[in-house]
Amino acid sequence: MGLIGSSVKRVEDKRFLTGKGKYTDDIVLPGQTIARIIRSPHAHAKIISVDTAAAESADGVIAIFTGKDLAGVNGVPCGWQVNFKNGDTMKEPAHPLLVADKVRHVGDGVAIVIAESYAQAKDAAEKIKVDYEVLDAVIDPRKAADDGAPLVHDDVPNNTAFDWQLGSDAGEVDEAIRSAHHVTTLEFSNQRLIPNAIEPRSAIGHYEEASDKFTLYTSSQNPHLIRLLLCAFVLGIPEHKVRVISPDVGGGFGSKIFHYTEEALVIWCSREINRPVKWTAERSESFLTDAHGRDHISKAELAFDADGKMTALRVKTYANLGGYLSTFGPAVPTYLYGTLLQGLYTTPLVNVDVTATFTHTTPVDAYRGAGRPEATYLLERLMDTAALELGIDPAELRFKNFIPAFDGVEQAGYQTQVALQYDSGDYQRILKKALDKIGYDQLRAEQKAARDSGKLMGIGFSTYIEACGIAPSAVVGALGARAGLFEVAQVRVQPTGKVSVYTGAHSHGQGHETTFAQIVADRFGIALEDVEVVHGDSESVAFGMGTYGSRSLAVGGSAIIKSIEKVIEKGTKIAAHKLEAAEADIEFADGKWSVKGTDKSVGFGDVSLTAYVPHDYPEGLEPGLDFSSFYDPANFTYPFGAHIAVVEIDKETGKVTLKRYLAVDDVGNVINPMIVDGQVHGGVAQGIGQALLEAAIYDESGQLINGTYMDYTMPRADDLVSFETDRTTTPCPHNPLGVKGAGETGTIGSTPAVVNAVMDALSAYGIWDPPMPVTSEKVWERIHSNGQS
Amino acid sequence: MLAAQADGAEIITIEGMAQKGSLHPIQEGFREMHGLQCGFCTPGMVMTAADLLATNSSPSEAEIRHGLEGNFCRCTGYHNIVKSIQYAADKMQSS
């Protein structure tokens, strides 16, 4: 009924707008206790002793456990194995639930105290005395690899978890760069960020002795994966004895993908004390213990011939993994990063070399975009810098180097130098649309007028591609993933023709309850209100891999389509019987099965009822109308886009003001444009945050010195403008909805566009690589260090 | 604000905004303009908007953005929150 492609208002909104959202910390179980974790104030220190005596006799205390009490318990595992260049497996030191020997970052857990109330747990925690021998720390991922650097794990030489290389023959790349007409070189960091989901992480462990069963409530993006890791790798509990529920989740942006120590701790403690145990992070704990993002130091060289054609790209990156390997930590600076360095361009030679090191900092893992923003930043900063150096318009330089259009059907997918095969794309079209939409010629004229009157105005570009719809299991398995990355969907048609959909994808703001219902209602020709989407509970949803990597629609939506098709196929048999016609003569459309060429038909509700009241029914056909499907994608999906940022800079203060921001994205077919636009807005804001405002800053001793909302400058409403958005549509050729995913495009595209705009605005002072975040102070110094104003 | 500072004051929370099952125009604005995603910051945003519109019934975009500077949202980039409040302001003025 035309629901696909329509900006249907969200069905989940009413509960959130009336204060009825239910997040993990809102759950109060009978007999619930409260846990508080005692965390290291040092980045690197030996634990000499832990004295819990005073705390044990404090009011309300039920139990205290230290690292020694958990000596026989496994730590949390890593879900992705990357091998050294020489074939050795990566270094994979244990990540204990509580540490007993030495702490490896500020915030590392040392003990847990469980009490009747939050205040009692907090008071008792202050009575626990930990004696530390403080050691030197290393923070910088490049210095960590130096001989003699303090070791995070004593058995990991040079703190190097692995080194890794991908792409063209290194010798050929070296030669192409040596003999190039022009080489643009940049050396910069892609700074560490803190995801900052507004809902702090929370977990409740509930052991029920009578049934010997466990329930874990956790603010997670993928409850089934947590159950798998918790049961099979950490606690050795049979999976059928564990139910994991992720109720409403208040944002994740990657940080709630991972299996955290606290999830296993509350389950383990609940069994020990035989009562439910709840832990909820305080904001400062979130800053210290949610996995961080980015944190690369790179040198990148891009070679051109005399015609402005790119001939080779060489990249060396040091990636900071933090104190331990987080669940997908090793995948981010490798297979989610190096594989994207082809960008939208025909560069014939690309080589990337990565050294990934441990440091005395919070573990680093996927944060919105995960590797792809780092790759895009590097490539797109090189492009605008090269354009300035070569005196070519940055749009023109891109047109010279774009991969020609291909639809993945008539024309084959595009094989890159860095392992991926792009599905479909038309990159010329999208940049042209962006130029038209922003009024590029007019904008350059305005810029010239501004400059003539002494003002600083800049225009920055970013044309990006990303790999999402994660992921074909066999491909990622060959690359080191220790899990399949399919998705699961059950479509249960109830006897009355109402439909329940159980999806392994998990919404933490993306609006699955609406988008998935649109798909089902559209295909069945029924009302949106007749579809209910269920997610986030391992007991009701058979299995699932969760939501990250812009996969929910491309993978989870495709699984729903498979189940829908099975329903329609079985319904056709039932309808043929009812209509006394051959199956081949039956067609399904607009909510009814009809005999082709006649006015004989039977409705969706009739067939549903017949399936459950099978009195007059096809012989040999099972009753019921309820199908489950696993969908494993054939390839990644490859959204792409062209973003343009316009900034003005105040010479007196160095303040960068965003004047316009245009995002033209191609995410394939769109189910709900309103929701897709919302995803783009949020992503763009986060990317602008990285460009201009945000950074996690550690001092040399390993203290996070801006771990509060007062100090970590997340974008506020008055830091941003209203965004302009548009789309082109290049359907994905390999999934049934033709969709590519929209969750990360904004974050990937926006950061380089904004920094490029700053560089462009300041080009009168020479070509400058603005270090992120590009604060007023840095800009002011740049302006004034040249003796000009 | 400390609880004692609210002594004698009328306190309205998100739970008190909808009347007899029909959403307040601000709540309606957030739904119509997709001003929320994960929903966690939403009660704060709606109540801040109520306070803003109580003192300025027809705020400009800049005034709305300034009025929201005490609230964080990590999902929406604020774009549609601004639109939601504009929607509510229009609706409240015309009613």
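Worth pointing out:
- Contacts under 7 angstrom Cβ, first residue in region B:4-30 being assigned to a loop (DSSP other than H, G, I, E, B), partner of a type in the set (Asp, Glu), 6 or more apart: none
- The residues listed here are A:242, A:249; of these, the one that is within 14 Å of chain B (Cβ to nearest Cβ), open to solvent by less than 10 Å² (accessible area, probe 1.4 Å) and not polar (S, T, N, Q) is A:249.
- Flag for residue B:44 being in a loop (DSSP other than H, G, I, E, B), out of contact with any Gly (no Cβ under 8 Å at 6 or more places or on another chain), more than 7 Å from every other protein chain (Cβ to nearest Cβ) and touching a residue at least 12 places away in the same chain (Cβ under 8 Å): no
- Residue satisfying condition, being away from chain A (no Cβ under 12 Å) and out of contact with any His (no Cβ under 9 Å at 6 or more places or on another chain), within set B:19, B:5, B:86: B:5
- Exactly one residue among A:504, A:536, A:484 is at positive phi and not hydroxyl-bearing (Ser, Thr, Tyr), and that residue is A:536.
- Residue check for residue B:53: over 26 Å from residue A:684 (Cβ atoms), open to solvent by 10 Å² or more (accessible area, probe 1.4 Å) and either among the charged types (D, E, K, R) or at the interface with chain A (Cβ under 7 Å from one of its Cβ atoms) (or both): no
- Summed over region B:72-95, the residues that are part of a helix (DSSP H, G or I) and either open to solvent by less than 30 Å² (accessible area, probe 1.4 Å) or acidic (Asp, Glu) (or both) give a count of 9.
- You will find that of A:517, A:450, A:445, A:527, the residue that is modelled with pLDDT of 95 or more, among the small types (Gly, Ala, Ser) and under 21 Å from residue A:540 (Cα atoms) is A:517 and no other.
- Leading residue by the ranking (nearest to the chain's Cα centre (by Cα)) among those in region B:1-20 that are polar (S, T, N, Q) and within 16 Å of residue A:18 (Cα to Cα): B:13
- Residue, nearest to residue A:296 (Cα to Cα), within region A:333-353, restricted to residues that are open to solvent by 10 Å² or more (accessible area, probe 1.4 Å) and out of contact with any helix residue (DSSP H, G or I) (no Cβ under 7 Å at 6 or more places or on another chain): A:353
- Index of the failed condition, residue B:12 passing every other in (1) more than 7 Å from every other protein chain (Cβ to nearest Cβ); (2) in contact with a helix residue (DSSP H, G or I) (Cβ under 8 Å, 6 or more places away or on another chain); (3) open to solvent by less than 70 Å² (accessible area, probe 1.4 Å): (3)
- You will find that of A:160, A:185, the residue that is at pLDDT 95 or above, touching a helix residue (DSSP H, G or I) at 6+ places or on another chain (Cβ under 8 Å) and among the hydroxyl-bearing types (Ser, Thr, Tyr) is A:160 and no other.
- Among all residues of region A:512-521, there is none that is open to solvent by less than 10 Å² (accessible area, probe 1.4 Å), in a loop (DSSP other than H, G, I, E, B) and either in contact with an Asp or Glu (Cβ under 8 Å, 6 or more places away or on another chain) or among the β-branched types (Val, Ile, Thr) (or both).
- From the options A:189, A:219, A:179, residue that is among the polar types (S, T, N, Q), open to solvent by 30 Å² or more (accessible area, probe 1.4 Å) and in contact with a Pro (Cβ under 9 Å, 6 or more places away or on another chain): A:189
The values are calculated or read from the model by the stated rules, or taken from the named source; none is laboratory data. Please read all numbers here as calculations on a predicted model, not as lab measurements. Don't worry about glycine lacking a Cβ; one is built from the backbone with ideal geometry, like all the others, and counts go over all protein chains shown. When the accessible area is computed, the model is the full protein with side chains, heavy atoms only, and any ligands, DNA or RNA have been set aside. Shrake-Rupley method; radii C 1.70, N 1.55, O 1.52, S 1.80 Å.
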